[in-house]
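The values are calculated or read from the model by the stated rules, or taken from the named source; none is laboratory data. The shown structure was predicted, so the numbers you read here are calculated from the model rather than taken from an experiment. As a convention, Cβ positions derive from the backbone with ideal geometry for all residues, glycine included, and neighbour counts pool all protein chains shown. The accessibility values were calculated without ligands, DNA or RNA, using every heavy atom of the protein model including side chains. Shrake-Rupley method; radii C 1.70, N 1.55, O 1.52, S 1.80 Å.
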Number of protein chains: 4
Amino acid sequence: MFYGKIFNLLRENHKDNWLLYTKHEFINKLSNDTLKEEKFLNYLIQDYLFLIQFSKAWSLAILKSDNLEEMKIAATTVNDLINFEMELHITLCANYGISKSDLENADEENENIAYTRYVLELGYSGDFLDLLSSLAPCVLGYGEIGLNCQNSNPRTIMYKKWVETYSSIEYQNVCKNVSGLIDQAFLLRLGTNFENTYKWKKVNQIFKKATLLEVDFWNMAIK
Amino acid sequence: MFYGKIFNLLRENHKDNWLLYTKHEFINKLSNDTLKEEKFLNYLIQDYLFLIQFSKAWSLAILKSDNLEEMKIAATTVNDLINFEMELHITLCANYGISKSDLENADEENENIAYTRYVLELGYSGDFLDLLSSLAPCVLGYGEIGLNCQNSNPRTIMYKKWVETYSSIEYQNVCKNVSGLIDQAFLLRLGTNFENTYKWKKVNQIFKKATLLEVDFWNMAIK
Amino acid sequence: MFYGKIFNLLRENHKDNWLLYTKHEFINKLSNDTLKEEKFLNYLIQDYLFLIQFSKAWSLAILKSDNLEEMKIAATTVNDLINFEMELHITLCANYGISKSDLENADEENENIAYTRYVLELGYSGDFLDLLSSLAPCVLGYGEIGLNCQNSNPRTIMYKKWVETYSSIEYQNVCKNVSGLIDQAFLLRLGTNFENTYKWKKVNQIFKKATLLEVDFWNMAIK
Amino acid sequence: MFYGKIFNLLRENHKDNWLLYTKHEFINKLSNDTLKEEKFLNYLIQDYLFLIQFSKAWSLAILKSDNLEEMKIAATTVNDLINFEMELHITLCANYGISKSDLENADEENENIAYTRYVLELGYSGDFLDLLSSLAPCVLGYGEIGLNCQNSNPRTIMYKKWVETYSSIEYQNVCKNVSGLIDQAFLLRLGTNFENTYKWKKVNQIFKKATLLEVDFWNMAIK
């Protein structure tokens, strides 16, 4: 049902926390049109700052790759994020009255810092599997959230667009590619008996922590 | 009055935030014996986890040094933290009924992650001045807090010891050495006209953010 | 005549070493058809291994960027290198009888390691200017070499193609973009009085060392 | 006979290259008094520059540690290197007429850069096992060389001292501690079946490459 063998295992192992994240009140309110627009606009600003750091974390995935195939997927992701997503985000914000300079001068909230720096620090100090396990909740969680609310059809245009983005075929394909990369990377490095390795314990802790930091990001967005 | 020219300038530039940190309710309660011991014990556990990451951040200072003198001060700090402070911390906690395994298995709270990973990520992505500016609020703030409450004399033994530690000559000397390192590092790299540089703007942002993350650490400790 | 104000200054400051690199015997032999093909094929293999590490170094440029504009140029370069240049290189080698698996299993020679790890380590430990100064000799040197021998017209097809690649408008445009990035990055961080800064001394040492490591790379290719 | 289970396995797997390193002509000449003193003095200067980078690589071992015990051994090594070995080295050089400023202003030779940057880059991009496998040839190879020539008794005072240093109980204990750290680190992360892991293949490549870069360091010293 969900993407990738490894992701499904991690998701199952941390199901309660995973649902705190993917079924968060912020999403409910967004999909049933009860979210205050001011909160959504603040979320968009924080999300812009998040994307800057997130692109940098994906750049570390290039550095931690062990072969050209891994490098290619990571480089494509980085390029998409920096040369396309960021522009889309800037345009979207402009439509809602938030200028590029508003975005650049905005102050990162602590919950934003917590998640992005956790992922980036892992990207520096950890290996490819550590890093992917911290990136997975964001990439694949947004895909699952997109599917969960694809029929919600909120009237508020900017909520509708947000739902469309993450439930789109394009975004679902990103999820397929990333979960495929994760499966191959784990298989290559840990083999088929991966659940008995030291690394498996470690990546479970990372996945759990990254999921909880996502929960806190939504808490920040709705507070 | 305080240590070091650069630190005093940064402190003055962000005085309001600085006082939110150094005059935090947690310190008041600790020094007038109204802090619940359970909160203090939780703080000690988080502080152990903090020290692990903080030692790693200081290790990055060795890597970002430009000469042997800088390397020596950073290496001495790392060695003191890992081979002495950590042991003291473990012994202290043991006295209060927290075992070493309690410490090692404790879960880092998000506010703890936010601060430590912010500093570590800067240590990786930034230069020596960026890193020192993020370390300064912790090292020198605790020294100032120690002096501020040196006459408070709380009856609770563990609060009394905490105050004694940070107001001690030994700890105040650490503050002198670190602020001296900061002054020399800035002078070497930016010259006497440092306040007109691009870097000065950047380190001010870092110092401010690190200070606010310290405030959040106290908020976590008292919540 | 050459690209960019900063590059021209660095080039002038280290002119003798620069000419050892750009006027190396390897280039002369290649352009007048006296280079043994076996040596060129070995060079192509080492160059493949070089490009892997060089792409990783450019990924660090994304991480060390201070704004979205810098990130975009660095990300575009990374994407071009990994998703296009590498493929071209593989195809080119295949035409000359070197399979993809030959490339992947080849052993990096020590001179190759020296240059790539010098640049990568600087990318990790240094800042954006340090990194760019170590990347410049490669990117811009090849552009200058391309122009120098654009009329040489060697008969050996693979030498002819090599000359065409680096003298092409496309490659010359890469040089323009990268030298523009360098000029802007220096101006932003060091201002107009950059020649009197500590950093300027440091980047000159880096530029010189990277140039000499390029000379050694040619020495390896011709030995 | 040699220290540590893992080191012995790596050493056996790459025996030919290992002997090229530990039985190098430089060592022979040093132990039978036929080495030109001028070459030894140049070696000492390059070794000083090497130790600076080597200390930084060991600092990365602190950052890549997974527990306090690993951090302690790494931090002790870093502190010994920076606060004691470097001073000894400076004093030794001063006795032989090389001033501290000679050391600091000396130019790193390319073979020196190749080895140190290879290790440092691995320290940044790799994990604890990768890094230890690149550090092992240096630490443990010098211990083996020390034992190999402990009875050689060269008349030249500085060669005699050099032999005494690396055959001393103190240095042999360093070798015991480091090989013990390596054994524990491998056991913790890879378990008892480590020889069948992906990582084992990788660390073998690293160990081999680091050994060959050591050979090249001797080649540089004697050329």
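Annotations for the structure displayed:
- Within the set A:Ile62, A:Ile82, the sole residue that is of a type in the set (A, V, I, L, M), over 30 Å from D:Tyr198 (Cβ atoms) and out of contact with any strand residue (DSSP E or B) (no Cβ under 9 Å at 6 or more places or on another chain) turns out to be A:Ile82.
- Residue match in region C:170-182 (condition: among the charged types (D, E, K, R) and touching a residue at least 40 places away in the same chain (Cβ under 8 Å)): yes
- Count of region A:113-128 residues which are assigned to a helix (DSSP H, G or I) and open to solvent by less than 10 Å² (accessible area, probe 1.4 Å): 9
- When residues of region D:175-193 are limited to those that are more than 13 Å from chain A (Cβ to nearest Cβ) and out of contact with any helix residue (DSSP H, G or I) (no Cβ under 7 Å at 6 or more places or on another chain), the one farthest from D:Leu63 (Cα to Cα): D:Lys176
- Options B:Asp47, B:Asp130, B:Asp66, B:Asp33; residue that is in contact with a Pro (Cβ under 6 Å, 6 or more places away or on another chain), touching a residue at least 40 places away in the same chain (Cβ under 8 Å) and not hydrophobic (A, V, I, L, M, F, W, C): B:Asp33
- Some residue of region C:133-145 being more than 19 Å from C:Thr211 (Cα to Cα) and either without any contact (Cβ under 8 Å) to a residue 24 or more places away in the chain or in contact with a Cys (Cβ under 6 Å, 6 or more places away or on another chain) (or both): no
- Test for C:Asn110: is it more than 17 Å from the chain's Cα centre (by Cα) and either aromatic (Phe, Trp, Tyr) or open to solvent by 50 Å² or more (accessible area, probe 1.4 Å) (or both): no
- When region C:158-169 is filtered for residues that are in contact (Cβ under 8 Å) with a residue 24 or more places away in the chain and aliphatic (A, V, I, L, M), the ones remaining, listed by number, are C:Met158, C:Val163.
- Looking across region A:44-69, the residues that are within 10 Å of chain C (Cβ to nearest Cβ), farther than 21 Å from A:Glu111 by Cα and out of contact with any Phe, Trp or Tyr (no Cβ under 6 Å at 6 or more places or on another chain) come down to A:Ser59, A:Leu60, A:Ala61, A:Ile62, A:Leu63, A:Ser65, A:Asn67, A:Leu68.
- When region C:194-223 is limited to residues that are loosely packed, with under 15 Cβ neighbours inside 10 Å and modelled with pLDDT of 95 or more, the one that is farthest from the other protein chains (Cβ to nearest Cβ) turns out to be C:Glu195.
- Inside region B:84-107, residues that are facing another protein chain (nearest Cβ under 10 Å) and either open to solvent by 30 Å² or more (accessible area, probe 1.4 Å) or touching a His at 6+ places or on another chain (Cβ under 9 Å) (or both) make up a count of 5.
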